[in-house]
Amino acid sequence: MDGEGLRLDQRHGKARVRVGRVWREPNGGRHRFVEWNVTISLLSDCLPAYTHADNSDIVATDTMKNTVYVKAKECKQPLSVEDFAIVLGKHFTSFYQQVTAAMINIVEKPWERIYIDGQPHEHVYVAYSNSTCSLGGPLVIAINVAHSELGDLLIKGWGKGVSVMVALGVGFKLGSEKHTTEVIVKKSGALQVISGVEGLAVLKTTQSGFEGFIRDNYTILPETKERMLATEVTASWRYPFETLTSIPARQFYFMERYMDVKKVLIDTFFGPPKEGVYSPSVQSTLYHMAKAVLSRFPDVSSVKLKMPNIHFLPVNLSSKDNPVIVKFVMHELDLISSVLGTEELHIVCLNPLQKVTISIHENHEDFPRHLRELSE
């Protein structure tokens, strides 16, 4: 409360801190590499900065950025995004007296080790960007550096949309889905850890349908027992740990659980490798995916899924001179489809008490607002 009787809720922070970290095993052993995009938000007692232009209690965003680099360098062993977020949260809430809580969000870029004929490559680092070359394909930059004078800490730079990185002893390629986390650490030691995955693209060409929905004067969508099902999964799950002392001490616990949860999501979506599993709707599929995670992992207290329905619809082409250019026939093996620009957004929130909140929206740009509503 300020001197004029106004209530001020505030926090400030630094977004898009890009950092890369290489860990080298001794005696020429294997290298491990991660690239993180870090966002920091601090809740602090710095009201005079707003009401009296007094910045004496402000932690500068430059300080936050440099802290990320320093703490990454201080981590002598590989660690997960969750563990690094906890390291940052503990630092900000203990080092600065006025900081009461720290919210750390990290997205890990999915670099994957390259294997050639079953063996890890030792001298190539490949970086992909969203830029395209004159041939219309993705722009790829590969730099071969056998002996580098660079340190372990790499700060990523961007120029004209091109991502340039340097090889340090082992090869990696860029994957698709990204590992995410949101960690909140309070000065009291209270903790909240949420892990997630975004950009997990999945598609199956059969074993999906949509029937029995409401039909009225505004409905033109036909019912079907046979369609393609494609989506890009964004999932997050919350752990039950409420204090810093309750975090499992096992190294790579969060990374292992991330891989386990992702596997359960994928396995539930596709079903057994031979016969698959039928999906009567995206709603049903995402519900069973979330439920499978909760049933499998007692250390996951709630699950949220976002799955836009990427439509592939049959195409029938005709003209005045040729009434049948392309005609779709149900159960044809050669299915010609078009990708529509619209996506239906399906969201589910589950916890072990089976309290279900579902929200469906056509415009996925509204998702952050609706997700916040679900989490309240």
Completion exercise
Filtering region 194-225 for residues that are at pLDDT 95 or above and among the β-branched types (Val, Ile, Thr) leaves a count of 4
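Out of all the residues in region 294-310, which are part of a loop (DSSP other than H, G, I, E, B) and in contact (Cβ under 8 Å) with a residue 40 or more places away in the chain?
Residues of region 294-310 part of a loop (DSSP other than H, G, I, E, B): 297-301, 307-308.
Residues satisfying the conditions are PHE297, ASP299, VAL300, SER301, MET307, PRO308.
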Exercise for the section: Might you let me know whether region 52-73 holds any residue that is under 23 Å from the mean Cα position of the chain (by Cα), among the basic types (Lys, Arg) and part of a strand (DSSP E or B)? Expected result: no
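Please find, among ALA167, ALA190, the residue that is over 21 Å from the mean Cα position of the chain (by Cα), more than 20 Å from GLN283 (Cβ to Cβ) and modelled with pLDDT under 90. Step through it out loud before you land on a result.
Values: ALA190 fails: modelled with pLDDT under 90.
None of the others qualify; the one that does is ALA167.
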Exercise for the section: Could you check, for region 178-190, whether at least one of its residues is open to solvent by less than 60 Å² (accessible area, probe 1.4 Å), among the polar types (S, T, N, Q) and free of Cβ contacts under 8 Å to residues at least 24 places away in the same chain? Expected result: no
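Being more than 21 Å from GLU226 (Cβ to Cβ) and at pLDDT below 95 is the requirement here; does ASN322 meet it? Before the answer, list the steps.
Numbers: more than 21 Å from GLU226 (Cβ to Cβ): yes; at pLDDT below 95: yes.
For ASN322, the condition - more than 21 Å from GLU226 (Cβ to Cβ) and at pLDDT below 95 - is met.
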Completion exercise
Listed by first then second residue, the pairs whose first member lies in region 244-257 and is touching a residue at least 12 places away in the same chain (Cβ under 8 Å), whose partner is assigned to a helix (DSSP H, G or I) and of a type in the set (Val, Ile, Thr), with beta carbons under 9 Å and at least 6 positions apart or on separate chains, are LEU244/ILE86; ILE247/ILE86; PHE254/VAL81; MET255/VAL81
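Considering only region 222-254, state which residues are out of contact with any strand residue (DSSP E or B) (no Cβ under 8 Å at 6 or more places or on another chain) and either open to solvent by 30 Å² or more (accessible area, probe 1.4 Å) or farther than 21 Å from THR181 by Cα (or both).
So the first thing to find is which residues in region 222-254 are out of contact with any strand residue (DSSP E or B) (no Cβ under 8 Å at 6 or more places or on another chain), and the list is 222, 225, 240, 245, 248-253.
Within region 222-254, PRO222, LYS225, PRO240, THR245, PRO248, ALA249, ARG250, GLN251, PHE252 qualify.
Here is a list: ASP57, ASP9, ASP62. Which entry is loosely packed, with under 12 Cβ neighbours inside 10 Å and either touching a Cys at 6+ places or on another chain (Cβ under 8 Å) or at pLDDT 95 or above (or both)?
ASP62
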Handout entry: Selection count, region 37-51, where residues are touching a strand residue (DSSP E or B) at 6+ places or on another chain (Cβ under 7 Å) and in a loop (DSSP other than H, G, I, E, B)
Key = 1
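Would you mention how many residues in region 39-54 are open to solvent by less than 70 Å² (accessible area, probe 1.4 Å) and more than 21 Å from LYS187 (Cβ to Cβ)?
Just the residues of region 39-54 that are open to solvent by less than 70 Å² (accessible area, probe 1.4 Å), to begin with: 39-44, 46-49, 51, 54.
Checking the rest, the ones that are also more than 21 Å from LYS187 (Cβ to Cβ) come to 51, 54.
The total comes to 2.
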Exercise for the section: Filter region 6-30 for residues that are in contact (Cβ under 8 Å) with a residue 12 or more places away in the chain, out of contact with any Pro (no Cβ under 9 Å at 6 or more places or on another chain) and either more than 15 Å from MET103 (Cα to Cα) or in a loop (DSSP other than H, G, I, E, B) (or both) and give the result. Expected result: LEU8, GLN10, ARG11, ARG18, VAL19, GLY20, VAL22, ARG24
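The values are calculated or read from the model by the stated rules, or taken from the named source; none is laboratory data. Just so we're clear, the structure is a prediction, and the values are computed from it rather than from any experiment. Cβ coordinates were reconstructed from backbone atoms using ideal geometry, including for glycine residues, and neighbour counts include every protein chain displayed. SASA here: full protein model, heavy atoms, side chains in, ligands and nucleic acids out. Shrake-Rupley method; radii C 1.70, N 1.55, O 1.52, S 1.80 Å.
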